[in-house]
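Right, one structure below, let's go through it.
The values are calculated or read from the model by the stated rules, or taken from the named source; none is laboratory data. These numbers were taken from a predicted model, which means no experiment stands behind them. Here Cβ is always computed from backbone atoms with ideal geometry, including for glycine, and neighbour counts include all displayed protein chains.
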Amino acid sequence: DAKTTQPTSMDCAEGRAANLPCNHSTISGNEYVYWYRQIHSQGPQYIIHGLKNNETNEMASLIITEDRKSSTLILPHATLRDTAVYYCIVGINTNAGKSTFGDGTTLTVKP
Amino acid sequence: NAGVTQTPKFQVLKTGQSMTLQCAQDMNHEYMSWYRQDPGMGLRLIHYSVGAGITDQGEVPNGYNVSRSTTEDFPLRLLSAAPSQTSVYFCASRSSGGPSDTQYFGPGTRLTVL
């Protein structure tokens, strides 16, 4: 699975959009980009995933660059409850759930 | 559905003791995994299983054993606990389908080895 690079931490004002970047320059053609988050030492929670098209669900949007070497997770209206560690993972999900989680980005949403 | 359940929630061991962390899922998922998370760090894969009777090693398998006798259960055994195994342990499961089948995580077991 490709390696990812994320900033260690970010701040965001409550009600504003939070944009979390992820670099995955070694991604291969059949690898997906997945985002999970972990709130205060709970088990990680799935947010969204994509291959090459932008994706949106009720939680977030995922923007993947045309060359697929980077992506951005967008939380459109961040709330205090979105404070968490966000993990960007790249891989072929058929690989038996053996995702490699890096250290992620700690997002702090401030009032 | 209860999802992924883990027991115990907390455990304190002495060096050299052995124990089993329990993990169960009621979603009929084929794939199950064990991760550990040290303070301030990301998750590291210990062992995983693609179905009953099939297991394989992840990044950090030393000191741990697993078995998968049923689809529902995937216990993790610490053979001889060491302080370096103090961590939070997460179990996860997913179905064996395509890329849309994401992982579901349990609430974790917080283990301290003295």
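List of remarks:
- Condition met for A:SER70 (more than 28 Å from B:THR109 (Cβ to Cβ), in contact with a Lys or Arg (Cβ under 9 Å, 6 or more places away or on another chain), at pLDDT 90 or above and among the polar types (S, T, N, Q)): no
- Selection over the range B:14-35 of residues that are buried (at least 19 other Cβ atoms within 10 Å of the Cβ) and not in a loop (DSSP other than H, G, I, E, B) gives a count of 9.
- Residue among A:GLU55, A:GLU14 that is within 14 Å of chain B (Cβ to nearest Cβ), acidic (Asp, Glu) and more than 11 Å from the chain's Cα centre (by Cα): A:GLU55
- Between A:LEU62, A:LEU107, the distinction of being under 15 Å from the mean Cα position of the chain (by Cα), more than 14 Å from chain B (Cβ to nearest Cβ), crowded, with 18+ Cβ neighbours inside 10 Å and modelled with pLDDT of 90 or more belongs to A:LEU107 only.
- Strands (runs of 3 or more DSSP E) (entirely within the range A:18-61) containing at least 3 residues that are among the hydrophobic types (A, V, I, L, M, F, W, C) and within 27 Å of B:PRO39 (Cα to Cα): A:18-23
- Taken together, B:SER80, B:SER93, B:SER100 contain a single residue that is more than 7 Å from every other protein chain (Cβ to nearest Cβ), assigned to a loop (DSSP other than H, G, I, E, B) and under 26 Å from A:ILE92 (Cα atoms), which is B:SER100.
- In the range B:31-69, the residues that are away from every other protein chain (no Cβ under 11 Å), among the β-branched types (Val, Ile, Thr) and closer than 18 Å to B:VAL4 by Cα: B:VAL66
- Per the conditions (1) in contact with a Phe, Trp or Tyr (Cβ under 7 Å, 6 or more places away or on another chain); (2) crowded, with 20+ Cβ neighbours inside 10 Å; (3) modelled with pLDDT of 95 or more; (4) not acidic (Asp, Glu), the sole criterion not satisfied by B:ARG110 is (2).
- Looking across the range B:1-25, the residues that are touching a residue at least 40 places away in the same chain (Cβ under 8 Å) and aliphatic (A, V, I, L, M) come down to B:VAL4, B:VAL12, B:LEU13, B:MET19, B:LEU21, B:ALA24.
- Taking the range A:65-82 as the range and being closer than 22 Å to A:GLN42 by Cβ, surrounded by fewer than 19 Cβ atoms within 10 Å (Cβ to Cβ) and in contact with a strand residue (DSSP E or B) (Cβ under 6 Å, 6 or more places away or on another chain) as the test, only A:LEU80 passes.
- When we screen B:ALA82, B:ALA52, B:ALA92 for residues that are hydrophobic (A, V, I, L, M, F, W, C), modelled with pLDDT of 95 or more and surrounded by 13 or more Cβ atoms within 10 Å (Cβ to Cβ), the only hit is B:ALA82.
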